[in-house]
Number of protein chains: 2
Amino acid sequence: MSSLESDKAMSPKLTVELLRQLRLAMKNCKYFSEPIQAYIIPSGDAHQSEYIAPCDCRREFICGFNGSAGTAIVTEQHAAMWTDGRYFLQASQQMDNNWTLMKMGLKETPSQEDWLISVLPENSKVGVDPWIFAADQWKNMSKALAGAGHSLVAVQDNLIDAVWLDRPQRPSTQLMTLGLERTGMSWQDKITALRAKMRERKINWFVATALDEIAWLFNLRGSDIEYNPVFFAYSIVGMKTIRLFVDLKRLEDPAARQHLQLDAPSRPELSVQVSPYEAVHTELQAVCAALGPKDKVWICDKAGCALTQVIPKTHRSQISYTPLCLAKAVKNATEIQGMKTAHIKDAVALCELFAWLEKEIPKGTVTEISSADKAEDFRSQQKDFVGLSFPSISSVGPNGAIIHYRPLPETNRTLSLNEVYLLDSGAQYKDGTTDVTRTVHFGTPSAYEKECFTYVLKGHIAVSAAIFPNGTKGHLLDSFARAALWEAGLDYLHGTGHGVGCFLNVHEGPCGISYKTFADEPLEAGMIVSDEPGYYEDGSFGVRIENVVLVVPSKPKYNYMNRGSLTFEPLTLVPMQVKMMNTDMLTQKERDWVNDYHRQCMETVGAELRRQGRKEALDWLIRETQPIA
Amino acid sequence: MSSLESDKAMSPKLTVELLRQLRLAMKNCKYFSEPIQAYIIPSGDAHQSEYIAPCDCRREFICGFNGSAGTAIVTEQHAAMWTDGRYFLQASQQMDNNWTLMKMGLKETPSQEDWLISVLPENSKVGVDPWIFAADQWKNMSKALAGAGHSLVAVQDNLIDAVWLDRPQRPSTQLMTLGLERTGMSWQDKITALRAKMRERKINWFVATALDEIAWLFNLRGSDIEYNPVFFAYSIVGMKTIRLFVDLKRLEDPAARQHLQLDAPSRPELSVQVSPYEAVHTELQAVCAALGPKDKVWICDKAGCALTQVIPKTHRSQISYTPLCLAKAVKNATEIQGMKTAHIKDAVALCELFAWLEKEIPKGTVTEISSADKAEDFRSQQKDFVGLSFPSISSVGPNGAIIHYRPLPETNRTLSLNEVYLLDSGAQYKDGTTDVTRTVHFGTPSAYEKECFTYVLKGHIAVSAAIFPNGTKGHLLDSFARAALWEAGLDYLHGTGHGVGCFLNVHEGPCGISYKTFADEPLEAGMIVSDEPGYYEDGSFGVRIENVVLVVPSKPKYNYMNRGSLTFEPLTLVPMQVKMMNTDMLTQKERDWVNDYHRQCMETVGAELRRQGRKEALDWLIRETQPIA
């Protein structure tokens, strides 16, 4: 799956009064010395999270549009909202006509910078909340505005919060501690490894702002953000200091206190000093005030500019990917074992679902929503289930062609024997995170549906079976997933794969497989990504075949320059429907791959189904993994 | 082929005296107000040409190293030269021990910036010739130096020229005019199209500095630089003005005067004002002095900073690829026809060569050098032959594994029945430019040689036969060329293809097929690139199979989103040696491709060989194009 989707009904939000109040705030000297002529409202939170908590849904609050990507800008005269092709329809339905929808990707649509320059009076001030505006965005926007005689200004108090009277509280859920048996590495060892990286690069301090990096570093999990087992926090790590900024109430829990050794640190340099979440700014100022002339502070270039700008330029070392992001991406043996276990349990749940669907669909009572609920139900019966890893994309027929579809009561279709069904879903277990897409037909698929499915399958196999040298970046594999589709004149307009966390975010950097990202880090053994090519026939059906795969060493015939080779091992073990395949279109190698994959599903998941005594699902699995000729 | 190579013997140049003089010049106030502590000597000329004229070989003059890529830096105490892995051996042999070789790509090697910062005294001035230092290089270098308290300064007089007493004159060869029958578009129409692009982007002036762009724009050719039919010039184009800066003596030729309508322009806005080559700086200053407040001047970000910095920042619009570069890359029908004709003639010459080699090699008298000379001889017999398009890479056995090899008397091997022979060569004809590599064996290749050749062939075919959507960038196809090699654990460490000019430079932007370039422009019908995967077994043999291919529309079964599809059509029509293929490793589709390709070679080149009465070559072609089973 690839992004968050709406769960609200599609009627426009009335924003006349809200906009009036926001414009008053833009002139209100309580917030700044001079009025501002425009205010930018991005979608993110202060941690540049992909999924955000309700208290951070400021762009949705001001304009009504609740898709995952979009930036609103309000001037004295205008209100405009930029989003991409996935959301044109939804945004136009959710926003009233005080708002202009700016369709990104269309030639005639101006960039935010160009639009601002075209509508602003001379010498305007454009305000932004520096906590949620990333440093790299600030750089580009302020440069463009300055070139036209305007200026970008940081407004410390968020103006949306000022007019959002019933804004929800920031969540502060209970922290879950993870022991060595889950993480494979203590937080103390992670700190030590981080410090070694810092020493290597002559860095004295590191500021962590990404929530999944902080959760990973401290072997802690929360549930502050739906689908993401993270908690609101910052951290600042020096060579002898560890500072953690969280709501202090969370640390009244003895388990958390003991995990962090708050009351009896083993060694002084591994003593964690905890401060309130909001104190990070002041504390970072204090750290920076005490810097030596050559001291350097690491911060991600995607961190908010409020913190970034605290670090004096001469001491600031901005990086695209932090050492935590890189370390987190390469899973250790314990994490890999956990991910394997989680995927077997997940496969058990999906075998149960598909067996159940086969029985129930003919009755005409199963809908996109009830099927997704049933899948969640089966998953929740598995050990260490925590929740879903993203909202299920459960889509029938034409809904399957909407890449980021999420069933709503008013779009909910019934599963039938006549239409293709695409289910993209996943879960968080305490041992791992899953994300799987299967496309199936419960009646007889058309020749064209099978043809398209088979192109996608060929692409999936081409990536999954690819052998490539160590040091290869994932984007170099993207075309393998498309070659068969391209040959038929077809394509899909999304990337092929994303990094997957281990009981963490279902989307994580710094690796992936996409024609879009050239800043990705090379793949290495232990990294985990998705392999999910697709094909979408507008108004008719969608196909996507997604496995989560582990990067593993490969031993081909030769070993050029001793570089070593890599390939992928599927972690997802759910049969791919043979009925959807036109097996005549497959090469012998591809047929062997399918049979070998199904043999693995049968062996591994079959054993677990037997163990759990889930007979019907086992029968289904046996049937669905029969070899093809 | 991919770059220029040495033709000098490998003994170090003695540089004690030269360095002493250069260091004196660095302190000499004739050239600047204050002494400089370091001087940077890049390899390029003032036009960022890949191949340079003898008068521009300043880096070679000062250090002795004559490879195509390298930057020398001289300080009061040190002299260091940076080059890449292709040239480590050669550079170490050509430089005396006054020089430190800086091996780029090795972890321990500092960047030029870091090295300068480590060796310079505080507050140093680093000098550079702003004509040959590109604007984008200036930006990076001056930023890095400023960060460490130093400054980069432009030294108008080149200090190498000051100590280079017998420096050759800048060439000023006769201009060749090309009529519509060769170019398909008059220079007047090209100017009009350029102005339309300028109007579209609200640009008032365009400064052309790349020699091939100026040659293409004016439909003129020269021979100032070996292998490149270009001439030293600049051009400045405004909405009503066309300025051309060249050695005025060249325009005493009536043909050139008439071609440019110098004595009777058809319309005032198409009147070309000619000025001396050196006047460009003063004239650009005059243009900039008269700019309106909103006027914009286009210049490539790779242009020298001397000219770039003449344009005030507020008026400067820097682009990665100029509109001329883009327009030149998409060949029109006349140019395509010319390229086809040139490639047929080139194939005739190579068929003759290979037929001749088959006869002569058993006598033991053919060497790498004499084979390359013979190839040039056969090519020169073809109509409208102008010269070679690059120095031939004629390499036997282990020499074939040196990617940028060029035979020298002391490395020259004899062609035999026991070793693989790799010939990468090409020519300039008045109707087009060629570049072809064939790898052959005149005895019996080993199973391993055949195996490697066949992986490379599979890669070549995978690219050549690829079908891909309109808008695809060439770098997305690079992995297709490697998949078969990767599967066997093999690879090659160069890109897969480069743009090819039409009777212009054999390497041109802005398209190509490489894992390295993500700034390439999307492929479109009419573009011409090379397809040249390879494999190199150090100390043993090299394989490369290179065709020049034309991007053409393709009509696959479907047409997703009406985007249209593209594929490649080989322009090169020289048989690929079946003896080198392990046909068991080929799929049926690949065998069909080989047979179809050989049928085209036979039909097209066979007809021309018959017409030219070249019987032996025709017999060879008939034998070499027999279908494989």
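Annotations for the structure displayed:
- Checking A:Ser565 against (1) without any contact (Cβ under 8 Å) to a residue 24 or more places away in the chain; (2) surrounded by 15 or more Cβ atoms within 10 Å (Cβ to Cβ), the condition it does not meet: (1)
Conditions tested, residue by residue: (1) farther than 23 Å from B:Ala607 by Cα; (2) touching a Leu at 6+ places or on another chain (Cβ under 9 Å).
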{"site": "B:Met339", "(1), (2)": "no, yes"}
{"site": "B:Ala342", "(1), (2)": "no, yes"}
{"site": "B:Lys345", "(1), (2)": "no, no"}
{"site": "B:Leu357", "(1), (2)": "no, yes"}
{"site": "B:Val366", "(1), (2)": "yes, yes"}
{"site": "B:Ile369", "(1), (2)": "yes, yes"}
{"site": "B:Asp373", "(1), (2)": "yes, no"}
{"site": "B:Ser380", "(1), (2)": "no, no"}
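- When the range A:61-78 is filtered for residues that are at pLDDT 95 or above and either farther than 20 Å from A:Glu113 by Cα or of a type in the set (Val, Ile, Thr) (or both), the ones remaining, listed by number, are A:Phe61, A:Ile62, A:Gly64, A:Phe65, A:Thr71, A:Ile73, A:Val74, A:Thr75.
- Any chance B:Thr454 is within 14 Å of chain A (Cβ to nearest Cβ), of a type in the set (S, T, N, Q) and more than 23 Å from the chain's Cα centre (by Cα): yes
- Taken over the range B:419-470, residues that are closer than 30 Å to B:Pro229 by Cβ and acidic (Asp, Glu) amount to 3.
- Scanning the range B:564-592 for residues that are farther than 18 Å from B:Ile545 by Cα and in contact with a Phe, Trp or Tyr (Cβ under 7 Å, 6 or more places away or on another chain) yields B:Ser565, B:Leu566.
- Where strands (runs of 3 or more DSSP E) fall entirely within the range A:539-608, those with at least 3 residues that are under 25 Å from A:Gly512 (Cα atoms) and more than 14 Å from chain B (Cβ to nearest Cβ) are at A:547-554.
- Checked against (1) touching a strand residue (DSSP E or B) at 6+ places or on another chain (Cβ under 7 Å); (2) hydroxyl-bearing (Ser, Thr, Tyr); (3) assigned to a loop (DSSP other than H, G, I, E, B), A:Ser235 meets all criteria but (3).
- Some residue of the range B:305-319 being in contact with a Leu (Cβ under 6 Å, 6 or more places away or on another chain), outside any helix (DSSP H, G or I) and either at pLDDT 95 or above or surrounded by fewer than 17 Cβ atoms within 10 Å (Cβ to Cβ) (or both): yes
- Hits in the range B:73-119 - residues which are without any contact (Cβ under 8 Å) to a residue 40 or more places away in the chain and acidic (Asp, Glu): B:Asp84, B:Glu108, B:Glu113, B:Asp114
- For the criterion of being crowded, with 20+ Cβ neighbours inside 10 Å and either under 33 Å from the mean Cα position of the chain (by Cα) or under 29 Å from A:Glu524 (Cα atoms) (or both), A:Gly542 passes.
- Of all residues in the range B:469-484, those satisfying the criterion of being more than 26 Å from the chain's Cα centre (by Cα) and of a type in the set (A, V, I, L, M, F, W, C) are B:Ala483, B:Ala484.
- Filter result for A:Pro407 (over 23 Å from A:Trp620 (Cβ atoms), over 19 Å from the mean Cα position of the chain (by Cα) and assigned to a loop (DSSP other than H, G, I, E, B)): yes
- Qualifying residue in the range A:435-447 (condition: within 14 Å of another protein chain (Cβ to nearest Cβ) and either surrounded by fewer than 23 Cβ atoms within 10 Å (Cβ to Cβ) or assigned to a helix (DSSP H, G or I) (or both)): yes
- Check on A:Ser275, surrounded by 14 or more Cβ atoms within 10 Å (Cβ to Cβ), within 28 Å of A:Val396 (Cβ to Cβ), under 31 Å from the mean Cα position of the chain (by Cα) and among the hydroxyl-bearing types (Ser, Thr, Tyr): no
- Just one residue in the set B:Ser371, B:Ser271, B:Ser275, B:Ser320 is closer than 28 Å to B:Thr241 by Cβ and in contact with a helix residue (DSSP H, G or I) (Cβ under 7 Å, 6 or more places away or on another chain); that residue is B:Ser275.
- Meets criteria (in contact (Cβ under 8 Å) with a residue 60 or more places away in the chain and touching a Phe, Trp or Tyr at 6+ places or on another chain (Cβ under 6 Å)) for A:Cys300: no
- A:Asp520 within 14 Å of chain B (Cβ to nearest Cβ) and either in contact (Cβ under 8 Å) with a residue 60 or more places away in the chain or touching a Cys at 6+ places or on another chain (Cβ under 7 Å) (or both): yes
- Exactly one residue out of B:Ala372, B:Ala355, B:Ala342 is touching a strand residue (DSSP E or B) at 6+ places or on another chain (Cβ under 6 Å), surrounded by fewer than 24 Cβ atoms within 10 Å (Cβ to Cβ) and part of a helix (DSSP H, G or I), and it is B:Ala372.
Rundown of residues vs (1) in contact (Cβ under 8 Å) with a residue 60 or more places away in the chain; (2) on the phi < 0 side of the Ramachandran plot; (3) away from chain B (no Cβ under 14 Å); (4) in contact with a Phe, Trp or Tyr (Cβ under 8 Å, 6 or more places away or on another chain), yes/no style:
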residue	(1), (2), (3), (4)
A:Ala484	no, yes, no, yes
A:Cys502	yes, yes, yes, no
A:Gly509	yes, yes, yes, yes
A:Gly526	yes, no, yes, no
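- Candidates in the range B:486-500 are the residues that are surrounded by fewer than 23 Cβ atoms within 10 Å (Cβ to Cβ) and among the small types (Gly, Ala, Ser); of these, the one that is farthest from the other protein chains (Cβ to nearest Cβ) is B:Gly495.
- Residue list for the range A:459-482, restricted to those being within 11 Å of chain B (Cβ to nearest Cβ) and in contact with a Lys or Arg (Cβ under 7 Å, 6 or more places away or on another chain): A:Pro469, A:Asn470, A:Gly471
- Residues of the range A:274-293 include at least one that is in a strand (DSSP E or B) and on the phi < 0 side of the Ramachandran plot.
- Residues of the range B:252-267 classified as loosely packed, with under 15 Cβ neighbours inside 10 Å and outside any loop (DSSP other than H, G, I, E, B), total: 4
- So A:Ser530, is it in contact (Cβ under 8 Å) with a residue 24 or more places away in the chain, within 11 Å of chain B (Cβ to nearest Cβ), of a type in the set (S, T, N, Q) and not in a loop (DSSP other than H, G, I, E, B): no
The values are calculated or read from the model by the stated rules, or taken from the named source; none is laboratory data. Because the structure is predicted, anything quoted here is derived from the model rather than measured. For neighbour counting, all protein chains shown are included, and Cβ atoms are generated from backbone atoms with ideal geometry for every residue, glycine included.
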